[in-house]
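One structure below.
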Amino acid sequence: AQKITQTQPGMFVQEKEAVTLDCTYDTSDQSYGLFWYKQPSSGEMIFLIYQGSYDEQNATEGRYSLNFQKARKSANLVISASQLGDSAMYFCAMREGDAGGTSYGKLTFGQGTILTVHP
Amino acid sequence: AAGVIQSPRHLIKEKRETATLKCYPIPRHDTVYWYQQGPGQDPQFLISFYEKMQSDKGSIPDRFSAQQFSDYHSELNMSSLELGDSALYFCASSLAEDSQYNEQFFGPGTRLTVL
């Protein structure tokens with residue numbers, strides 16, 4: 001079974017508008033971490049935001065916020081005020097067995113969503 | 001700030017040849033991960049090392065081997081290369097006991113093309 005599911009192969013948004021990229025996950029672990037990475041056409045993987053399973057507040061990092069709904073096992077990325085430079089592939093990833101400060105587990109990635117920002 | 005260094009950035013090999021990819025983690029990082037990203041696909045975990053010992057193994061073919069050396073750099077050795085090995089190979093590093101995220105910092109990747 002797919003552990004991370006991103007159902008939107010592609011998304012389009014107008015510059016300056018907000019966009020939500022969907023991510024659902026499947027795990028039986030109580031402790032886990034959820035990550036979003038951005039991959040521009042140049043190929044590098046850029047860390048955006050992290051949400052721990054025990055974090056009660058939704059994570060925010062500048063224009064990025066994570067809408068974490070634990071009961072629904074979803075961790076959607078919200079990008080506010082989209083910019084042309086946000087056009088890229090976005091990956092949701094999970095690290096199982098997180099112990100909040102001591103963890104070296106592998107990441108499992110979703111299929112990715114290509115975001116295109118129109119001027 | 002120092003980042004993860006991977007070399008070479010690009011590599012072209014023929015079928016059945018061997019290749020060695022190198023990864024230099026961020027100083028003080030004790031954990032190294034290798035991922036393989038095929039064209040249009042998500043990264044797949046291959047193998048990881050913590051304090052120079054293999055800590056986890058994913059979908060790494062038997063033709064591949066890896067190790068982490070005393071200076072914490074890691075090498076991924078690939079033999080009997082096949083066309084399907086053409087991919088972007090990422091190395092990532094982290095510090096097992098870190099502040100909040102234990103974020104994995106990714107290198108720029110090595111793009112391997114097998115002809």
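Okay, here's what the table says:
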quantity	calculated
In the range A:56-75, residue surrounded by the most Cβ atoms within 10 Å (Cβ to Cβ) [restricted to those that are in a loop (DSSP other than H, G, I, E, B) and within 14 Å of another protein chain (Cβ to nearest Cβ)]	A:Ala59
Residue that is nearest to the other protein chains (Cβ to nearest Cβ), among those in the range A:86-103 that are assigned to a strand (DSSP E or B) and at pLDDT 95 or above	A:Phe91
Some residue of the range A:44-55 being among the aliphatic types (A, V, I, L, M), within 28 Å of B:Val4 (Cα to Cα), part of a loop (DSSP other than H, G, I, E, B) and over 12 Å from the mean Cα position of the chain (by Cα)	yes
The listed residue being within 11 Å of the chain's Cα centre (by Cα), without any contact (Cβ under 8 Å) to a residue 24 or more places away in the chain and within 28 Å of A:Thr113 (Cβ to Cβ), out of B:Ser59, B:Ser48	B:Ser48
Hits in the range B:1-29 (condition: farther than 13 Å from B:Thr113 by Cβ, more than 14 Å from the chain's Cα centre (by Cα) and either within 14 Å of chain A (Cβ to nearest Cβ) or not β-branched (Val, Ile, Thr) (or both))	B:Ala1, B:Ala2, B:Gly3, B:Arg16, B:Pro27, B:Arg28, B:His29
Count - residues of the range A:8-42 that are surrounded by 15 or more Cβ atoms within 10 Å (Cβ to Cβ) and not hydroxyl-bearing (Ser, Thr, Tyr)	13
Where A:Lys106 falls short, out of the listed (1) within 14 Å of chain B (Cβ to nearest Cβ); (2) part of a strand (DSSP E or B)	(2)
Qualifying residue in the range A:13-22 (condition: farther than 18 Å from A:Val117 by Cβ, in a loop (DSSP other than H, G, I, E, B) and of a type in the set (Asp, Glu))	no
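The values are calculated or read from the model by the stated rules, or taken from the named source; none is laboratory data. Everything quoted here is computed from the prediction, not taken from an experiment. All Cβ positions, even for glycine, are placed from backbone atoms using ideal geometry, and neighbour counts span all protein chains on display.
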